[in-house]
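> Mind looking over this structure? Questions follow.
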Amino acid sequence: MNDREKNLEGLVRKQVLELNEYKPGATSDAQSAVKLSANENNFGTCKAVVEALRRELTEPTRLNRYPDITCTELRNALSDAHSLPSDWFLVGNGLDDVITLLATTFIEHGDEIVVPTATFGVYESVCCVMGATARRVRMRKDLSIDVDGIADILTDKTKMIWICNPNNPTGTVTTKEEFEHLLDATKRFSPAPLLIVDQAYIDFASDTDANLDAMRYLSDNPNLVVLRTMSKISGLAALRLGYAIAHPALLSFIYRIRPPYTVNALAQAAAVVDIRDAEALAFRKRVRESIDASRNELESYFRDNEIPFVPSQANFVFAFYDRPYEWLLRLSERLAQKEIFVRTLKHRDAPAGIRFSIGTPDENKALIKALSKILPDFT
C-alpha cells in the first residue's frame, strides 16, 4: 500500500478498520471439482423453479420493470406456508442483507450484543460496524452453544442476542428448554433485548420435540426475530433470498431504512414456486433424505477412525478440532490438490476445525476415499 492509499484510512470509520474482509471457502471452476466449502445444495435447483425463471426471462415486459418492492406474492406464499399473516414477513437479498438491516435499525454506539464464540461471523461484524461491543460466550465442551452462559451475562446494555440453530459451523442444536430459559431471561429487562434466531439450517434438523423451532414463540414475544433462507435446501443461493419473521411492529422500523427493490423479480418468482409447487416439495424431501444418509456415512467414518467431530443436525460436519490451525490448513490444501474443497475455520476463543459440507452421495464417497488415502501418512 503506497502513501496515498494509506491516507485513505483517515476517511474510513474506525469500526471498519478493525474488521477483516469476509472470505468465502476456496473452490474451483473445474468440472471435476467437489465443492464442500460453502454449505450449498450440491443437488442443484428444482426443475419447476428453473422453468419459472425461464418464463420470467422470456417475457419481454418483465425485466424492464422494477420488482415488487414489498414482495407481496412471496410474502403471501410464506404466510400460507407458515400460517402467519403476511405482514409478519420481511424479505431481503439473502440473509446477510436481513442481518445487516437488523443491525442498522437497532444498534447504536455503546450497545452490547451477545454471541457464541463459534458461530456465523457476520452477526458480530455488522453490529460492531454500528458501534456495538460484542460479548462472546465460549462454547461448551461438546461445542454446543452455552445458552445458560448467555443468559447469565445479559445486562441492561444488551441490545441483541444471536443464536444460530442449528449452529454454523458446529451443527449443534439449541433445545426447546434451553431456548425457553433464554427467552425468560430477556424479560428481566425493559425493553427486552432482541433475541434473533437464525434457522438457515432448520430443514436438516431432526423432527423431535427436543429441537427448537423458534417460530412457535413469535406471537407472545415481540422481541423475537426468526431468520430463514432459501439458499440451502431449496438450492437458490445464487438468487440471494432470505427472510425475517417477527411482529409487524418490529418489522415496521426496518422498513423505514430498507433500501427499495433489494429483492429482484427473478428471485421472487422462483421463491413463490419453490414454496407452492409440489415438485419443489418433493425435491427438498429427496435432498433432505440424501443429506441425512451421507452425513451419517461421513460421521461413521470419523467415528471408526477416531477422528473428533461434532454430531451434526445440519448439512455439514465440523471435525478435526483437536489439531492446530496450521495442520488443518495443510490438510485442506492436500484435499484441494485432489479437487476437493472444504472450509478451514478459526474462531476467537474456540477450537479451530474443518467444516465439511455434505454434497451428493458420490461427492461424499470421494471425500471419504481421499481422506482415507491422505491421513495414514499425514503429519
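> Residues with beta-carbon under 12 Å from that of F189, excluding F189: net charge, scoring Lys, Arg +1 and Asp, Glu -1? It would help to have the intermediate numbers written out before the result.
Numbers: positive: K157, K159, K187, R188; negative: E112, D156, D184.
Result for the local shell: +1.
> Step through the table entries K47/K285; K23/K346; K23/K141; K187/K232; K157/K187; K47/K369, compare each Cα-Cα distance with 21 Å, and write down the pairs that go over it.
Details: K47/K285 14 Å; K23/K346 12 Å; K23/K141 27 Å; K187/K232 33 Å; K157/K187 14 Å; K47/K369 31 Å.
Those over the limit are K23/K141; K187/K232; K47/K369.
> Which value results for Rg/Rh of segment 220-379 when Rg is the Cα radius of gyration and Rh the Kirkwood radius based on the inverse mean 1/r? Before the final figure, lay out each step's value.
On the way: Rg = 19.7 Å, Rh = 18.6 Å.
Computed over Cα atoms, the ratio is 1.06.
> Below 9 angstrom from the Cβ of A48, what's the summed charge of the other residues (Lys, Arg +1; Asp, Glu -1)?
Values: positive: K47; negative: E51, D274, D277, E279.
Once all neighbours under 9 Å are counted, the net charge is -3.
> Can you give the extra length, in nm with one decimal, that the chain gains between E51 and Q15 once fully stretched, where that is 0.36 nm per residue apart less the Cα-Cα distance? Mind showing how you got there, number by number?
Values: separation 36, 0.36 × 36 = 12.96 nm, distance 4.42 nm.
The E51-Q15 span can extend by a further 8.5 nm.
> Subtracting the Cα-Cα distance from 0.36 nm times the residue separation, let me have the gained length for R303 to Y66 in nm, one decimal.
Details: separation 237, 0.36 × 237 = 85.32 nm, distance 5.24 nm.
Full extension from R303 to Y66 adds 80.1 nm.
> Over the chain, what number does the Rg to Rh ratio reach, with both radii from the alpha-carbon atoms and Rh per Kirkwood? List each step's numbers first, then the result.
Working: Rg = 21.2 Å, Rh = 22.0 Å.
Rounded to two decimals, Rg over Rh is 0.96.
> Hey, another quick one. Starting from 0.36 nm per residue, how many nanometres of slack lie between L8 and R286 once their C-alpha separation is accounted for? Write down the numbers at each step before the final one.
On the way: separation 278, 0.36 × 278 = 100.08 nm, distance 5.12 nm.
Taking L8 through R286 to full extension adds about 95.0 nm, to one decimal.
> Here is a further query. What FRET efficiency comes out for the pair R348/T58, r = Cβ-Cβ distance, R0 = 30 Å, nearest 0.05? The partial results should precede the final answer.
Details: r = 49 Å, r/R0 = 1.65.
So the FRET efficiency works out to roughly 0.05.
> Okay, next question. Divide the volume of the convex hull of the Cα atoms of segment 161-263 by its number of residues and quote the answer in cubic angstrom per residue.
It comes to 114 Å³ per residue, whole-number rounded.
> Which is the longest stretch in the chain that no exposed loop site breaks, taking sites as GluC sites (Glu not before Pro) with a DSSP loop state and at most 13 other Cβ atoms within 10 Å?
Working: sites that count: E18, E21, E108, E306.
Longest run free of exposed loop sites: 109-305.
> Using only the Cα atoms, what convex hull volume per residue in Å³ does segment 323-379 have? Can you show the working numbers first?
On the way: hull volume 4.3 nm³, N = 57.
Convex hull volume per residue, Cα atoms: 76 Å³.
> R0 = 25 Å: FRET efficiency of K373 with V122, Cβ-based, nearest 0.05?
Working: r = 35 Å, r/R0 = 1.41.
That gives a FRET efficiency of 0.10.
> Can you show me the helix-derived [θ] at 222 nm for the chain, built from DSSP H runs with n ≥ 4 at -39,500 (n - 2.57) apiece and divided by the number of residues, rounded to the nearest 500.
Values: 13 runs with 145 residues, N = 379.
Per the formula, -11500 deg cm²/dmol.
> Please identify every one of the trypsin sites (Lys or Arg not before Pro) in segment 58-87 that sits in a loop by DSSP and has no more than 15 other beta carbons within 10 Å of its own beta carbon. Write down the numbers at each step before the final one.
Numbers: sites: R62, R65, R75; in loops: R62, R65.
Here the sparse-neighbourhood loop sites are R62, R65.
> For I145, what is the net charge nearby, where nearby means another residue's Cβ is under 11 Å from its Cβ and Lys, Arg count +1, Asp, Glu -1? Could you put the intermediate results ahead of the total?
Numbers: positive: R138, R140; negative: D142, D146, D148, E178.
Counting the neighbours of I145, the net charge comes to -2.
> Additional query: How much accessible area per residue does segment 295-334 have, counting only protein heavy atoms and a probe of 1.4 Å, in square angstrom? Don't skip to the end; give the middle numbers.
Numbers: 1930 Å² over 40 residues.
The answer is 48 Å² per residue.
> Something else now. Counting only protein heavy atoms and a 1.4 Å probe, tell me what percentage of segment 259-310's accessible area is made up of carbon and sulfur. Show your work: numbers first, answer last.
Numbers: 1320 of 2500 Å².
Reported share for carbon and sulfur atoms: 53 percent.
> With the full set of protein chains in place, find how many percent of the accessible area of segment 94-242 is carbon and sulfur; take the probe as 1.4 Å. Walk me through the numbers before you get to the answer.
Numbers: 2590 of 5320 Å².
Taking all protein chains in place, segment 94-242 shows 49 percent carbon and sulfur surface.
The values are calculated or read from the model by the stated rules, or taken from the named source; none is laboratory data. Small disclaimer: the values here were computed from a predicted structure and weren't measured. Ideal geometry is used to build each Cβ from the backbone, glycine not excepted, and the neighbour counts take in all protein chains shown. Please note that ligands, DNA and RNA were not included when accessible areas were found on the heavy atoms of the full protein model with its side chains. Shrake-Rupley method; radii C 1.70, N 1.55, O 1.52, S 1.80 Å.
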